[in-house]
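**Student:** Quick one: the structure is below, and I'll ask about it shortly.
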Amino acid sequence: MSIEQPAAFRPRVITDVLRPSSVGEVVDVVRSGRSLHPFSKGHNWGLGSGLPVHDGAVVLDLSGLDRVRALDVDRGYAVIEPGVTQGALAESLRGKPRIFNLTTSSMHTSVIGNALERGFGVHRSRTEDLVGLEVVLADGTVEHVGWWPGTSATPRPHGLGPSLTHLFTQSAFGVVTAAVVRLLPRPEEVRVLPFTFAGDDLADAVDALREWTAQRLIPPTTKLYNPVAAQFDGYLAHVCLSGAGEVVEALSSVLRGAAADSPLVEGPAVDAAVLGTYAGDPDPADTWFVRRTRGCPADRLDAEVGMLMFLPVVPFSGAALAVTEKLIRDCCATTPAVTVNVHDFDTVDHVIALAFPAHDAGAVTEARAALGRMREAFAAQGFPAHRLDVDRPGEPTGLQARIGLALDPDGVFAPSRYSAGRYSAG
């Protein structure tokens with residue numbers, strides 16, 4: 001058995017590919033003591049997909065664990081396994097009084113895989129969706145961390161004592177075989193206001209959006225697209241308002257008035273695919289995703305379209321985004337698609353997607369060089385990446401290394417993108 005190796009990354013020597021279909025089978029594999037690299041669906045496009053960091057790992061494909069174990073719309077949670085896609089979870093909630101926080105990526109992507117990567121949905125960070133985890137540790141024991149059904153009546157991620165849930169996000173401390181995720185109340189109305197502006201107005205437009213966010217006129221969920229990502233002659237911002245109809249209508253009116261004193265101009269109405277994502281409704285056709293990949297479906301993305309991604313964290317200010325626009329222009333031969341996700345009043349991230357023909361060696365070389373230039377240029381400005389790729393992994397801090405050594409003294413789990421060095425006592 002094998003996995004597809006994206007052309008944008010150095011090929012890996014993979015010892016074996018295992019595809020368990022139950023937690024018991026995962027436990028057996030872990031207890032075999034082999035160097036394991038687990039993934040949920042392998043759709044970590046642009047960061048290495050399902051590849052391990054180093055050669056010689058056994059790939060543990062968890063897509064066969066695909067059950068929705070529990071769905072409680074009264075208390076607002078679901079218990080899911082790694083193979084459950086965001087489309088499948090959203091479909092199970094169709095017509096119910098709860099929705100799930102979808103991302104703008106494919107409906108075929110794993111909820112757990114994205115949450116463990118600290119991905120970002122249309123309503124909030126996926127880390128805020130995590131309530132608890134089921135984890136197989138290096139000695140084969142199965143542990144529940146955070147909140148788990150039966151521990152209390154109300155899903156509460158922190159519980160008593162040290163909070164351990166996020167010990168397993170962006171780490172290689174165990175194999176996550178299930179998660180409890182929060183479900184959001186289905187809003188009475190969802191309205192996405194599209195605002196456009198010219199490139200020369202970037203700084204002023206961003207400052208206006210930040211002021212609206214700081215004054216709570218809009219939630220900290222705005223997404224901003226450069227012209228390449230928007231496929232539009234200008235920049236595009238999606239501002240989502242949701243809740244009671246009267247509140248949505250009142251805020252819409254206020255925002256239209258505020259926009260009159262800014263460079264932001266209300267653009268053409270969003271279509272059903274965009275609105276459906278914000279409303280929590282799955283699109284089996286993956287319309288929005290395929291549109292953004294210029295017609296390439298999810299199952300052909302690495303094979304036909306190569307992808308490298310850079311995801312820096314940046315201050316939420318017009319001046320900072322003017323700097324990042326210049327850095328991107330200076331580092332890239334052609335302008336890539338850029339999506340800016342608002343995290344809170346002070347912080348945004350960038351999803352900078354370098355796309356190219358997968359088997360064009362020259363294009364691959366140029367994309368790698370552009371990515372290297374951006375990493376250096378953004379780091380010099382104090383804008384580090386918050387997600388890393390397999391060819392440019394990070395090293396664990398001293399405390400992280402000590403925790404890794406305590407949990408996995410025999411190196412059952414292969415080094416990850418966030419702890420590429422072997423844990424050691426030295």
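The values are calculated or read from the model by the stated rules, or taken from the named source; none is laboratory data. Just so it is clear, the structure is predicted and the values come from calculations on it, not from any experiment. No Cβ is skipped: glycine too gets one built from the backbone with ideal geometry, and neighbour counts run over all protein chains shown.
**Student:** Does Thr85 satisfy the condition of being modelled with pLDDT of 95 or more and either among the acidic types (Asp, Glu) or more than 19 Å from Ala178 (Cα to Cα) (or both)?
**Tutor:** no
Table: residues versus (1) within 30 Å of Val29 (Cα to Cα); (2) at pLDDT 95 or above; (3) among the β-branched types (Val, Ile, Thr).
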residue	(1), (2), (3)
Leu93	no, yes, no
Pro97	no, yes, no
Phe100	no, yes, no
Met107	yes, yes, no
Asn114	yes, yes, no
Leu133	yes, yes, no
Val136	yes, yes, yes
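**Student:** Suppose we keep only residues that are in contact (Cβ under 8 Å) with a residue 24 or more places away in the chain and of a type in the set (Asp, Glu) within the stretch 361-409. Which one would you say is farthest from Cys332 (Cα to Cα)?
**Tutor:** That would be Asp408.
**Student:** So which of Val265, Val247 is outside the structural domain of Glu128 (by TED's automatic domain parsing), without any contact (Cβ under 8 Å) to a residue 40 or more places away in the chain and surrounded by fewer than 20 Cβ atoms within 10 Å (Cβ to Cβ)?
**Tutor:** After applying the criteria, what remains is Val247.
**Student:** If you don't mind, another one. Select from the stretch 24-41 the residues that are under 17 Å from Glu81 (Cα atoms) and assigned to a loop (DSSP other than H, G, I, E, B) and list them in ascending order.
**Tutor:** Within the stretch 24-41, Ser40, Lys41 meet the criteria.
**Student:** Please go through the stretch 258-292 and give me each residue that is in a loop (DSSP other than H, G, I, E, B), closer than 19 Å to Gly121 by Cβ and in contact with a strand residue (DSSP E or B) (Cβ under 6 Å, 6 or more places away or on another chain), ordered by number.
**Tutor:** Val270, Ala279, Gly280
**Student:** Follow-up question, since we're still on this one. Run down Glu143, Glu117 and say which single residue is under 24 Å from Val23 (Cα atoms), among the charged types (D, E, K, R) and surrounded by 20 or more Cβ atoms within 10 Å (Cβ to Cβ).
**Tutor:** None of the others qualify; the one that does is Glu117.
**Student:** Just checking, does the stretch 310-320 include any residue being of a type in the set (S, T, N, Q) and without any contact (Cβ under 8 Å) to a residue 12 or more places away in the chain?
**Tutor:** no
**Student:** Residue check, Phe345 against (1) within 21 Å of the chain's Cα centre (by Cα); (2) surrounded by fewer than 14 Cβ atoms within 10 Å (Cβ to Cβ); (3) without any contact (Cβ under 8 Å) to a residue 60 or more places away in the chain, all met but one. Which one?
**Tutor:** (3)
**Student:** Looking at (1) under 18 Å from Gly50 (Cα atoms); (2) over 16 Å from the mean Cα position of the chain (by Cα); (3) surrounded by 20 or more Cβ atoms within 10 Å (Cβ to Cβ), which one does Arg300 not meet, given that it meets all the others?
**Tutor:** (3)
**Student:** Separate question: Looking only at the stretch 310-331, how many residues end up being in contact with a Lys or Arg (Cβ under 8 Å, 6 or more places away or on another chain) and closer than 30 Å to Gln5 by Cβ?
**Tutor:** 3
**Student:** Next up: Which strands (runs of 3 or more DSSP E) sit wholly inside the stretch 42-110 and have at least 2 residues that are crowded, with 22+ Cβ neighbours inside 10 Å and in contact with a strand residue (DSSP E or B) (Cβ under 8 Å, 6 or more places away or on another chain)?
**Tutor:** Answer list for the stretch 42-110: 57-61, 77-80.
**Student:** From the list Ala367, Ala333, exactly one residue is surrounded by 19 or more Cβ atoms within 10 Å (Cβ to Cβ) and under 16 Å from Ala8 (Cβ atoms). Which is it?
**Tutor:** Matching residue, one of Ala367, Ala333: Ala367.
**Student:** Where in the stretch 167-231 are there strands (runs of 3 or more DSSP E), lying wholly inside it, with at least 2 residues that are buried (at least 21 other Cβ atoms within 10 Å of the Cβ) and more than 23 Å from the chain's Cα centre (by Cα)?
**Tutor:** 189-197
**Student:** Okay, next question. Could you tell me which numbered condition Pro11 fails, if it satisfies all but one of (1) in contact with a strand residue (DSSP E or B) (Cβ under 8 Å, 6 or more places away or on another chain); (2) part of a loop (DSSP other than H, G, I, E, B); (3) free of Cβ contacts under 8 Å to residues at least 60 places away in the same chain?
**Tutor:** (1)
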